[in-house]
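Take a look at the structure below.
All of the numbers you see were taken from the coordinates with simple rules; none came from a lab. Every value quoted in this text rests on a predicted model; they were computed, and no experiment measured them. Because the Cβ atoms are built from the backbone with ideal geometry, glycine has one as well, and the counts that use them run over all protein chains shown.
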Amino acid sequence: MTNSLRQHTGGTASLVVGTTLENRYLVIRVVGSGGMSWVYQARDMRFPSVTRLAAVKEMLNPSKDEAVRQTAVQSFEREANLLATLNHPAIPRVYDYFTIGERSFLVMEFVNGKDLEAILTESNDFLPTTMVAHWGVELCHVIHYLHHHQPPVIFRDIKPSNIMSDEHENIRLVDFGIAKLFEPDRKGTMIGTEGYSPPEQYRGEAGPLSDVYALGATLHHLLSRRDPRIEPPFSWHDRPLRQINPSVPEGLDQAVMKALAYEPEQRFQDMKAFQAVLAQFTEGGQPIVVSAASVAPAVAAAVAPATSEDGIQPKWEFTCEDEIRGTPVIVKDTVLVGAYDNNLYALKPSSGEFIWKYAAEGGLTGKPAVFEDNIIVGSEDKRVHAVSLITGKVAWTYYTEAEVRSSPTIAEGHVFIGSDDAKLHAINVMYGRGAWKTEVDGPIRSTPLASSDRIYFGCESGDCYSVDLRGEIKWKFHSKRAITSSPCEGNGLLYFGSVDSLLYALDIKSGWAAWRFRTNNAIISSPTIAQGLVIFGSADGRIYAVDGRSSKEKWHFETEGQVTANPLVQGGLVYCGSVDGHLYALELMTGKLRWKFLTGGPITGGISANEEMIVFGSTDHKIYALPL
Amino acid sequence: MFRFGITYETGRVRQSNEDCLVVITSLQQGDTASPYYGLFVVADGMGGHEQGERASQLAAQTFAREVISRFGAQWLGGVSENSESIQEILESSILRANQAVMLNLPGSGTTLTAALVFSRQIFFTHIGDSRAYLVGKEIRQITHDHSLVQRLVDQGHISSEEAGRFAQRNVLLKAVGQVEGIETDFLTIPWEKGSRLLLCTDGLWGVLSDSEILRITGNYESPQDAAMALSRQANIMGGPDNISAIIVEMTGEP
């Protein structure tokens, strides 16, 4: 006998193409490898006139201890003998086995086909559910055979890559995990990325119900296209099948989830029971009634709370002469709101009763700010107006060189406000005298944020700026499109959206991007922070909640229109308007809809609240007060 | 400025040390918003046949090299516009480390927990069950283990008390070098004044409770003395695994 093994010490394949093993098996190509084992396609030269192909599996026995090695070789031979006694069309025949030095070889029927993982990877869409159910039925059949063999065989490693569909489209179980016999007992950290294995298998216990689970995991992967090896184990309930792949029939979903029950006694108790349910979902399968008990509890509990469009009655409404695009404020028993009809309205919070109005010469789109008894607001008449809260009479006005669409921020005795004249203006709040201007690269429509002796604001040029209290630029960050969204601060970071569809988190001190979060359309909405979550809307129609420290999405809520309005968080709820005309109230931690309220036009402005109510405007010209 | 201490001990049971530590600190003075940055990495290799120690070192080195070439270059004024976010830099650097281990040391793997300290912020990236803590008046675990036992605790199948006795405590759900395109945890928090950053492998946190770590760390003014005291105590408790830790302090205004 020639020893055709290459000299080597490391864990590499020993056979090269063209070598003949045992004077009989000519290696044609390397088919695959996994850890300490390799598979070759070989031709059996005992049959010189016909091409009889064989699969040769090589396993390395790495132990240096002779006794350990002997034990491993003995178990290998025992397993190989067992495999040779199996007789089922879905199990490849074992032809031969032998051991040469530190390597053992198993020679089997060569299966010409593709494994299910490759089939899944190569398809661009979901596989037909009837086909997956059919595979499931065939697998149940062969696994049932194994479980009832004497002695019973537990497959232990059912997964798409161990299952092949052969040239006749029959299912074949190809890898009996015999290589596992050679893995040394590792001390220390081990790795368990199996993903398909049930909880008890991690504890070293495997029985027939472990194969039920692994088949369930395999079907879940095939139906959902979500690889369980890269998901946390036992997280199936986080990936509801029908939510991912709506074409999965409900009963099939229930059957897969039943197979995947954490406790073995809650799974199908044998392969026949699993097979009977799967059979209904094959081509031409007959529906049978699935018992309600087969529904996994977490699925049953996930019932959305009832939402009532009619349940919410406004406390009051007030109609202006034009659209309301700005955000109201509630202060000292007065609701103040600017409208596109050029007026700043003062209303009674209890009744919505009109107190006074102040007429500017252009539309008011921002949110007024209050300083002592004065209200400050910018207007498209290019001016910043200070109006007495008591009388509604002007205290001062300040001219910029273009429309003012930014909202004022008051800090350190000054009003900070941007203008379409591409300048940030610092104005003495008492007298309306300009203190300084900082020139930037484009119009400023975002509302400045004042924090720790710095002013932060976005610009239509796509830049976000940090300036000190003398107007000197400390840093500038560039995004690809306009930053209309106003920044907010938390965790040492500055958060804002950009029309480039990203939400940015910058290190507030240096202006470096800590992270960015991608949505599917422009972000004009200004983020707000609550319970560590950054809440904002996107023109992709969604309201998002993203963890402010990790950038991970916590939830999103789908509306029917663009969300350009600013959200408000109050009492554990997120309130946010949408261009679909609704104001939505969502649970802060889950994003679940509590209620929605329909107005007569898109809502693009923000919301204010006190203990009793929330107030917001709509482009239907109305201001609404809803009770809390 | 950074002040740091390390310990790197084989322990009393193992023959070799499969852990790896990397510390890089940088300073520039001049017109800069951020004169310091520091990169701190711990990795705990696995796989046997000397592969474990090579995996942790290869991963830590590849990761650190990537971070320096991307972040470090920007910090020295290399790129100014449309640069990558720190999350993107850390995640792609881990992916590089992942590829390097998969390619060169198949069958092995390693944990990797790293902190990039910059400006007043700490940026963490993490795979596996090595840990990051902030230790001040209290001790706060920052990272979340990618282990079977942690997963079972999260799902309510076992209590955190049972977790300490759980037989498969060492089964990881994720490790560098196992699968393509691995997902990492990212987290950023502001540096809390007066607190120390502790990165360590399970050879430390597996034998010392959080309160012991807090007490011992608090007894020493110097981070180096504190790190030594921690590994001494872990060895007294049997030293069943390699013990590695980095303790970092920030002195003065960053």
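Below is a table of values for the structure above.
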read-out	value
For residues of A:503-512, the mean tally of beta carbons on other chains within 10 Å	5
Reach of A:Lys64 by Cα under 22 Å, taken over lysines that are not fewer than 8 positions away in the same chain	A:Lys180, A:Lys187
For chain B, built as a Gaussian network whose Cα springs stay under 10 Å, the top-fluctuating residue of B:Tyr133, B:Tyr37, B:Tyr220	B:Tyr220
Modelled label reach - A:Glu489, point 7 Å along Cα→Cβ, the range A:445-473 residues with backbone N closer than 12 Å	A:449-457, A:466-469
Gain upon complete extension [A:Glu611, A:Glu77; 0.36 nm per residue less C-alpha separation]	184.5 nm
Within the range B:2-250: Cβ-based charge dipole about Cα centre, in debye rounded to nearest 20 (Lys, Arg +1; Asp, Glu -1)	360
Residue-averaged 222 nm ellipticity for chain A, from DSSP H runs of 4+ at -39500 (n - 2.57), nearest 500	-4500 deg cm²/dmol
Using alpha-carbon coordinates, inclination of helix A:250-259 to the longest axis of chain A, degrees	60
Computed over the range B:2-250: relative contact order in percent, which uses C-alpha pairs under 8 Å that are six or more apart	28
Exposed trypsin sites (Lys or Arg not before Pro) absent - longest run of chain B, DSSP non-H/G/I/E/B, at most 14 other C-beta within 10 Å	B:13-136
Overall form of the range B:2-250 per C-alpha gyration tensor (a/c, 1.5; a/b vs b/c)	oblate
The range B:9-43 versus the range A:434-504: alpha-carbon centroid distance in Å	34
Calculated FRET value between B:Gln15 and A:Lys480, using beta carbons and R₀ = 45 Å, to 0.05	0.25
Farthest toward positive dipole pole in the protein assembly as shown [+1 Lys/Arg, -1 Asp/Glu at C-beta], among A:Ile427, A:His144, B:Ala60	B:Ala60
Label-point separation, B:Ser92 to B:Arg140 (7 Å along Cα→Cβ), nm	3.1
Members of A:Lys332/A:Lys554; A:Lys509/B:Lys174; A:Lys332/A:Lys474; A:Lys57/A:Lys114 lying beyond 28 Å, as alpha-carbon distances in this model show	A:Lys332/A:Lys554; A:Lys509/B:Lys174; A:Lys332/A:Lys474
Separation in nanometres of the label points that stand 7 Å from Cα toward Cβ, at B:Glu212 and A:Lys393	7.7
Distance in nm between pseudo-label sites at A:Asn170 and A:Glu22 (7 Å out along the Cβ direction from Cα)	2.4
Helix-only mean residue ellipticity at 222 nm for chain B, each DSSP H run of n ≥ 4 adding -39500 (n - 2.57), per residue, nearest 500	-9000 deg cm²/dmol
Violating pairs (Cα-Cα greater than 30 angstrom) within the set A:Lys382/A:Lys596; A:Lys367/A:Lys476; A:Lys315/A:Lys393	A:Lys382/A:Lys596
Chain A: angle of helix A:66-85 to the longest principal axis, Cα-based, in degrees nearest 10	80
Filtered chymotrypsin sites (Phe, Trp or Tyr not before Pro), the range A:390-481: DSSP coil and at most 13 other beta carbons within 10 Å	A:Tyr431
FRET efficiency for A:Asn520 and A:Ser247, using Cβ-Cβ distance with R0 set to 25 Å, rounded to 0.05	0.60
